[in-house]
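The values are calculated or read from the model by the stated rules, or taken from the named source; none is laboratory data. Remember, predicted model here, so these are calculated numbers, not experimental data. Positions of Cβ are backbone-derived with ideal geometry, glycine not excepted, and every protein chain shown enters the neighbour counts.
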Amino acid sequence: MHPLAETIQARFPDGFMSAQEWRGDLAVMVKRESLHAIGRFLKDDPAMDCDYIVHVSSVDWPDEEERFEVVYEVYSIRHR
């Protein structure tokens with residue numbers, strides 16, 4: 001697993017759902033109840049320093065029980 005995903009999983013074991021890496025980009029799925037705390041951690045922790053929200057979008061999965069998903073793409077200018 002990607003080291004950043006391992007850090008999030010270790011710090012928020014109840015909020016972490018899954019992680020996958022594709023072409024150098026990391027996607028981490030978290031529970032909505034933990035989103036604020038994990039987002040705050042990614043922004044405020046100096047090791048993370050995600051200081052730029054690239055974009056926010058949504059996905060509609062009409063055939064799924066949990067139909068809607070929100071996607072936040074964040075970036076650390078310092079850590080690239």
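See the values below:
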quantity: Residue selected from the range 30-50 under the condition of a type in the set (A, V, I, L, M, F, W, C) and surrounded by 12 or more Cβ atoms within 10 Å (Cβ to Cβ), by the criterion nearest to ILE77 (Cα to Cα); calculated: CYS50
quantity: Looking only at the range 50-80, and only at residues there that are within 20 Å of MET1 (Cα to Cα) and out of contact with any strand residue (DSSP E or B) (no Cβ under 7 Å at 6 or more places or on another chain), the one that is modelled with the lowest pLDDT; calculated: ARG80
quantity: Residues (surrounded by fewer than 13 Cβ atoms within 10 Å (Cβ to Cβ) and either small (Gly, Ala, Ser) or part of a strand (DSSP E or B) (or both)) located in the range 1-28; calculated: ALA10, MET17, SER18, GLN20, TRP22, GLY24, ASP25
quantity: Subset tally (residues that are in a strand (DSSP E or B) and loosely packed, with under 13 Cβ neighbours inside 10 Å) for the range 51-74; calculated: 12
quantity: Among (1) free of Cβ contacts under 8 Å to residues at least 12 places away in the same chain; (2) in contact with a helix residue (DSSP H, G or I) (Cβ under 8 Å, 6 or more places away or on another chain); (3) not acidic (Asp, Glu), the one test that ARG40 misses; calculated: (2)
quantity: Tally of residues being among the hydroxyl-bearing types (Ser, Thr, Tyr) and out of contact with any Asp or Glu (no Cβ under 9 Å at 6 or more places or on another chain) across the range 8-51; calculated: 1
quantity: Condition broken by ALA47, with the remaining ones in (1) assigned to a loop (DSSP other than H, G, I, E, B); (2) in contact with a Leu (Cβ under 8 Å, 6 or more places away or on another chain) satisfied; calculated: (2)
